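Bear in mind that the values in this text are calculations on the coordinates, not laboratory data. Since we're looking at a predicted model, the values are computed, not measured. All Cβ positions, glycine included, derive from the backbone under ideal geometry; neighbour counts span all protein chains shown.
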Amino acid sequence: MLSVTRITATRTLASLSSRAFVASGVHRNFSLAKDLTRKEKVEEDRYIRQIEHEAYLKRKAEKEARAEAAKPKLSEAEIAAKETNDIAVAEVFVILSKTGDKISDDAVNNLADWKLGKI
């Protein structure tokens, strides 16, 4: 009989203490602390992603600058020849767009060379 009383008293005391704990507002403080740590974690992650993105953009700009510097410089004659070739290729594409025909890039370059008299 004594063990039955002890078990019921323990259960009653446990349920009353949990209600008192919740009613005291301490539980909310724990919840608030959790929310603050989550918010701090989100802000830290966002800051880290921002720093990594800025570093990526910097590396990308440096890589593009190195690639641009490594490009061979064209002479004025080569630049003029490239411009006339680009104009001829554009004319070929205009004609093809009007007719609706589709051909390979090599064929477009061959037509441009033929128009310029290289072939």
**Message:** Let me check I've understood the local charge: for A107, count other residues with C-beta under 13 angstrom from its C-beta, Lys and Arg +1, Asp and Glu -1. What total comes out?
**Reply:** -2
**Request:** Restrict the search to the range 68-119; then list the trypsin sites (Lys or Arg not before Pro) that DSSP places in a loop and that have at most 12 other Cβ atoms within 10 Å of their Cβ.
**Result:** K73, K102, K118
**Request:** For the range 110-117, take each phi angle, set θ = phi - 60°, evaluate the Karplus expression 6.51 cos²θ - 1.76 cosθ + 1.60, and give the result in whole Hz per residue in order, putting x for glycine and proline.
**Result:** 5, 5, 5, 5, 5, 5, 7, x
**Request:** Pull up the cross-link candidates among the lysines for K71, meaning alpha carbon to alpha carbon under 22 Å and not fewer than 8 places away within one chain.
**Result:** K58, K60, K63, K82
